[in-house]
Amino acid sequence: MYGGADGWAHLPPGWQDSKLIVAHNFTNRASVPMPKVVHVEPVLTRALFQIATACESFYVRVKPSQPSQTSNQPYSLSASTIPDPDEPNDNFAHATSLDFAAGSHQGYFFELASGSRDYYQFTLPAGQGPVPVTVKLMNVPVNVKPRLYVYNSTKYLITSDTSAAAGGQITLTFNGQAGGSYYAVVVPVYKSQTSPQPYLLQISGTP
């Protein structure tokens, strides 16, 4: 980057229906260009997160905060995607099937590009009588205020809750029927609340 000129990079079409992260690295020396929005540190990495859909094309612009900040030391610029392996799971018909005994499941708040909410289907172990079931939504990104719903096999709403604040976890409990099938639905309050940080959905119960 010389003479205060901007650096441009073109990301061509061909991205999968996933999310784009762009990172550029700078080393702190007196004459090295520094972005406007970051702090001066010995080694500096700035990552930008952008919701992307398949075949979108992007331009990335890099510039120093002052035209006089020049250097013959190169910076690095990289772009990568975070695919959501559960998509499409935006309705009951396409719900992701969960193994009840597997523990927690990882998902993403990518609703801005991949549908309005995430649907999961699980079946309780066979047995007799009611099964106390706990459904937990954890590791919620700090910028996301989540909602969690539980439905039975006929799509009747059993219980639901909305976190009191962004980043809060939700715990729902209900009495299920042994061998019965149920749905857990995860959704942010606003579709614009997205994050590259995965949430964790945990379902547990003892017949």
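Taken together, the values in this text are just the output of simple stated rules run on the coordinates, not laboratory data. Small disclaimer: the values here were computed from a predicted structure and weren't measured. Here the Cβ is made from the backbone with ideal geometry for all residues, glycine too, and neighbour counts use every protein chain on show.
With the simple spin-label model, which puts each label point 7 Å out from Cα in the Cβ direction, the ASN139 to TYR190 separation comes to 2.6 nm. Using the Karplus relation 6.51 cos²θ - 1.76 cosθ + 1.60 with θ = phi - 60°, the per-residue 3J(HN,Hα) values for the range 73-88 come to 8, x, 9, 10, 10, 9, 9, 8, 10, 10, x, 9, x, 7, 6, x Hz, with x marking Gly and Pro. Each residue of the range 130-142 is assigned a 3J(HN,Hα), and the resulting list reads x, 10, x, 10, 10, 10, 10, 10, 10, 6, 6, x, 5 Hz, derived from the Karplus form 6.51 cos²θ - 1.76 cosθ + 1.60 (θ = phi - 60°), x at Gly and Pro. Modelling each spin label as a point 7 Å along the Cα-to-Cβ direction, I'd like the THR81/THR171 distance in nm, to one decimal. Distance between label points: 3.9 nm.
Loop-located trypsin sites (Lys or Arg not before Pro) across the range 133-198 with a Cβ neighbour count of 11 or fewer within 10 Å are LYS155, with loop assigned by DSSP.
For the range 79-137, the gyration tensor built on C-alpha atoms gives a prolate shape. Its axis ratio a/c (a ≥ b ≥ c) is at least 1.5, and a/b is the larger of a/b and b/c. Between ASP161 and LYS63, residue separation times 0.36 nm minus the direct Cα-Cα distance comes to 30.8 nm. Based on Cα atoms of the range 92-205, Rg over Rh with Rh as the Kirkwood radius reads 0.96. Here's how it looks for TYR108: its modeled amide H is under 5 Å from those of TYR199, which are all 5 or more places away or on a different chain.
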